[in-house]
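For reference, the structure is listed below as structure tokens.
The values are calculated or read from the model by the stated rules, or taken from the named source; none is laboratory data. For clarity, every value in this text was computed on a predicted model and none was experimentally measured. For neighbour counting, all protein chains shown are included, and Cβ atoms are generated from backbone atoms with ideal geometry for every residue, glycine included. Calculation scope for accessible area: heavy atoms of the full protein, side chains included, ligands and nucleic acids excluded. Shrake-Rupley method; radii C 1.70, N 1.55, O 1.52, S 1.80 Å.
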Amino acid sequence: MMAPARQVRGFSLLEVIAAILLLAVTFGALMEVAGGSIRLSQNAARHTQAALWARSLLDTHFALDPIQPGVSQGQFNDYYRWRMSVVPWVGPGVALAPNPNAMQMYRIDLDVMWGSSPFEQKAHFSTLRIGSPGNTQPSL
């Protein structure tokens, strides 16, 4: 007696198409996640650069000149811009010093902007600085 021939069963065309479709959908989703990750990394890098520019400006702006209340603005480079507001600050329950030459606390609000309209982004920084208006700042 002869043994029956063994039949080898493969995948049908429908199964192969379904597997390729599943692979394509999964690959597309993974590429979307990777693209989102790259966008988030670029956004974080821009915010980090804005923070570095802000720190540099706040560290050096009043090093030689006295603190003057008001608003000023400028550009760091072609991409990053800044606007700074300086106002006298008095804590709650504290009276202003009667002596005009006395040291005064100032609130400094700095906005660093980048990008162009309508996609302009902004980072806000705020600090307090002590100074005496009209006199040069003491060197540290």
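Before moving on, here are some points about what is shown:
- Looking only at the stretch 62-121, and only at residues there that are more than 18 Å from the chain's Cα centre (by Cα) and aromatic (Phe, Trp, Tyr), the one that is modelled with the highest pLDDT: Tyr106
- For the stretch 87-103, the condition holds for no residue, the condition being that it is closer than 30 Å to Arg46 by Cα and out of contact with any Lys or Arg (no Cβ under 9 Å at 6 or more places or on another chain).
- Hits in the stretch 18-32 (condition: open to solvent by 100 Å² or more (accessible area, probe 1.4 Å) and β-branched (Val, Ile, Thr)): Ile20
- Lone qualifier among Ala29, Ala63 - being among the hydrophobic types (A, V, I, L, M, F, W, C) and over 23 Å from Gln104 (Cα atoms): Ala29
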